[in-house]
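Participant: Here it is: the structure, laid out below.
The values are calculated or read from the model by the stated rules, or taken from the named source; none is laboratory data. Note that the coordinates shown come from a computational prediction; the quantities given were computed from them, not determined experimentally. With ideal geometry, Cβ positions are generated from the backbone for all residues, glycine too; neighbour counts draw on all protein chains shown. Keep in mind that these areas ignore ligands, DNA and RNA; they rest on the heavy atoms of the full protein, side chains included. Shrake-Rupley method; radii C 1.70, N 1.55, O 1.52, S 1.80 Å.
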Amino acid sequence: DVKVTQSSRYLVKRTGEKVFLECVQDMDHENMFWYRQDPGLGLRLIYFSYDVKMKEKGDIPEGYSVSREKKERFSLILESASTNQTSMYLCASTQGKVYEQYFGPGTRLTVT
Amino acid sequence: GENVEQHPSTLSVQEGDSAVIKCTYSDSASNYFPWYKQELGKGPQLIIDIRSNVGEKKDQRIAVTLNKTAKHFSLHITETQPEDSAVYFCAASRANDMRFGAGTRLTVKP
């Protein structure tokens, strides 16, 4: 079974802090994604990556950056956390195009 | 870009009844339509998917139908059970551009 793990289930940070969310997948998938999930808005794509050191902006990249130094690991960085970034963050991976995305359990981030 | 609308946002049914969730999409080039179930405290998990060359797909109590002309697809759950209670998301995708609906919270009352 594909496993996607995220570094934290719950995280509380202060406004202005730099926040790192890490995601690791164990199936050698090429593609990795970061979404945020908010009530009534579904899942919105922040960034995605097709390969190591490669990244593409999604629909809501402002205030975020990403890093993919190794194929199995995709990190989401909040350079200076703000209260409007309080949300559930979901990482996903997939092999190839037009296939099922496998999701991690999510990180619920609260910025105070 | 693609826009996916999902209805209803909440759905409550009695155990044993059927549940139907509907989605519409805007991009006629979308060719992959998965449905995800998200239980409390977990990430979404795929429950069924359909590709654009197929009109209907069934897996035990769940089925999905796709009408490409009208650009809508639906999830049908028959003989609902309390463990079907969760949030369900539809999505429409082409290549790696996957767009999700806002979700439906399904509650199955015993």
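Participant: Could you list, in sequence order, the residues of segment A:58-72 that are surrounded by fewer than 15 Cβ atoms within 10 Å (Cβ to Cβ) and part of a strand (DSSP E or B)?
Facilitator: A:Ser65, A:Glu69, A:Lys70
Participant: Could you name every one of the strands (runs of 3 or more DSSP E) located completely within segment B:32-110 that has at least 3 residues being open to solvent by 40 Å² or more (accessible area, probe 1.4 Å) and over 25 Å from A:Lys57 (Cα atoms)?
Facilitator: Values: elements: B:32-38, B:45-51, B:56-59, B:62-67, B:72-77, B:86-94, B:97-100, B:104-109.
Counting at least 3 such residues, we get B:56-59, B:104-109.
Participant: Which of the following residues is surrounded by 15 or more Cβ atoms within 10 Å (Cβ to Cβ) and either in a loop (DSSP other than H, G, I, E, B) or free of Cβ contacts under 8 Å to residues at least 40 places away in the same chain (or both): B:Asp27, B:Asp17? Give the steps one after another, and end with the answer.
Facilitator: Values: B:Asp17 fails: surrounded by 15 or more Cβ atoms within 10 Å (Cβ to Cβ).
Sole residue among the options that is surrounded by 15 or more Cβ atoms within 10 Å (Cβ to Cβ) and either in a loop (DSSP other than H, G, I, E, B) or free of Cβ contacts under 8 Å to residues at least 40 places away in the same chain (or both): B:Asp27.
Participant: Within segment A:74-96, restricting attention to residues that are open to solvent by 10 Å² or more (accessible area, probe 1.4 Å), touching a Ser or Thr at 6+ places or on another chain (Cβ under 9 Å) and over 20 Å from B:Lys42 (Cα atoms), which residue is farthest from the other protein chains (Cβ to nearest Cβ)?
Facilitator: Among those residues, the one meeting the criterion is A:Ser80.
Participant: Name the residues in segment A:27-53 that are farther than 25 Å from A:Ser82 by Cα and surrounded by fewer than 13 Cβ atoms within 10 Å (Cβ to Cβ), would you? Let's see the steps before the verdict.
Facilitator: Step one: list which residues in segment A:27-53 are farther than 25 Å from A:Ser82 by Cα, which gives A:27-31, A:50-53.
Correct list: A:Asp28, A:Asp51, A:Lys53.
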